[in-house]
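Working notes, beginning with the structure itself.
The values are calculated or read from the model by the stated rules, or taken from the named source; none is laboratory data. Here the structure is a predicted model, which means the values were calculated and not measured. Every residue, glycine as well, gets a Cβ built from its backbone with ideal geometry; the counts of neighbours run over all protein chains shown. The accessibility values were calculated without ligands, DNA or RNA, using every heavy atom of the protein model including side chains. Shrake-Rupley method; radii C 1.70, N 1.55, O 1.52, S 1.80 Å.
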Amino acid sequence: MSSSESTGAGVAVDTGRAGAVRLDGVTHRYGRGGEAFTAVGPVDLAVPAGEFLVLVGASGCGKSTLLRLIAGFERPTQGSVRVSGGESRPGATAGVVFQTPRLFPWRTVRGNVDLALRYAGVDRGQWPERRAELLARVGLEGTENRRVWEISGGQQQRVAIARALAAENPLLLLDEPFAALDALTRERLQEDVRRVTERTGRTTVLVTHSAEEAVFLGSRIVVLTKSPGTVALDLPIDLPRGDVDAEELRASREFTALRAQVSHAVKDAAAA
């Protein structure tokens, strides 16, 4: 059953649609008794289907905790997390990409993608076509037979993204996937992810420390306070999406102003 909720911008959304996310009064604690601490919350968020939401904030503010709750890897101590109108289930409701690729090193690129297709329940006869499509989406045509150690770190992360897209879940979760990469590779992968998510229309939630990355990728940015993380800023990003020149976008006056606004918000939230 569909339900309606409002985003921080006051826009009503159908949170029962495939890929939509809704967090109601979410608080999460770790530990017990005197050692218990609250990592995040309370947080209320409504993420419409097809949105690219970026969670940004200082280290330890609860960004990754929120992502794990959305993925269904953990259950909130209080409140509820709903994805596509139902309870989030690990591996069933979202594709997840972590900071490190987490590939199987004894498998080829083909083997890593095929394993994801198998887990996704794709008919074996469709694997060659689906694999070729996925690798083309992330710019890895012709790498099927290469071993993991024969490709660069950036290419390994592309394989991880292809695996996350294999199940065609309506939700994609990215936990600082570019943090360990050099600046040039990071920018190229940001452009790849922006392009892929635009083409597939998937709801995407990204965790990052970077204000620049947040503004470049997000259609909406949520800045979290220091632990326990709550929403300090909920900002829609009104920048061209679609087919735009990445360098021109990053150099634009509007981009620079938004990057400064988010950067200042992160610093203020961390200091409060």
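The calculated P(r) of region 141-272, using every Cα pair and 10 Å bins from 0, goes 11, 38, 35, 13, 3, 0 in percent. Counting heavy atoms of the protein chains alone, Ser152 has an accessible area of about 60 Å² for a 1.4 Å probe. In terms of its C-alpha gyration tensor, region 116-182 comes out oblate, because a/c is 1.5 or above while a/b does not outweigh b/c.
Atom-type composition of the exposed protein surface of region 178-243 places 47 percent of the accessible area on carbon and sulfur (1.4 angstrom probe). In the full protein context, region 20-95 carries 39 Å² of accessible surface per residue, based on a 1.4 Å probe and ignoring ligands, DNA and RNA.
In this structure, Tyr119 and Arg146 have a Cβ-Cβ separation that, at R0 = 30 Å, corresponds to a calculated FRET efficiency of about 0.90. Phi angles of region 74-84 translate, via the Karplus equation with coefficients 6.51, -1.76, 1.60 and θ = phi - 60°, into HN-Hα couplings of 9, 10, x, 5, 9, x, 9, 10, 10, 10, 6 Hz per residue; Gly and Pro are given as x. The structure shown yields volume of the Cα convex hull per residue in Å³, and of the options (i) 125; (ii) 163; (iii) 136 that calculated value carries the label (iii).
Size of region 40-160: Rg and Dmax of its alpha carbons, in Å, are 17.0, 48. Converting phi to 3J(HN,Hα) with the Karplus coefficients 6.51, -1.76 and 1.60 and the offset θ = phi - 60°, region 137-143 yields 4, 9, x, 10, 4, x, 9 Hz in sequence order, with x at every glycine or proline. Dividing the helix sum by the residues of the chain, where each DSSP H run of 4 or more adds -39500 (n - 2.57), gives a mean residue ellipticity at 222 nm of -10500 deg cm²/dmol.
Using a probe of 1.4 Å on the protein chains alone, the accessible area found for Lys226 is around 100 Å². Using a cutoff of 8 angstrom between alpha carbon atoms and counting only pairs six or more residues apart, the relative contact order for the chain works out to 24 percent. The antiparallel fraction among DSSP beta bridges confined to the chain stands at about 55%.
Here's how it looks for Thr203: its modeled amide H is under 5 Å from those of Gly50, Leu172, which are all 5 or more places away or on a different chain. Short-range pairs are left out: with C-alpha atoms under 8 Å and at least six residues apart, the relative contact order of region 35-186 is 28 percent. How many angstrom lie between the Cα centre of region 41-87 and the Cα centre of region 184-210? Spelled out, the Cα-based centre of one part sits 18 Å from the other. Per residue, the accessible area of region 155-221 comes to 31 Å² when a 1.4 Å probe rolls over the protein heavy atoms.
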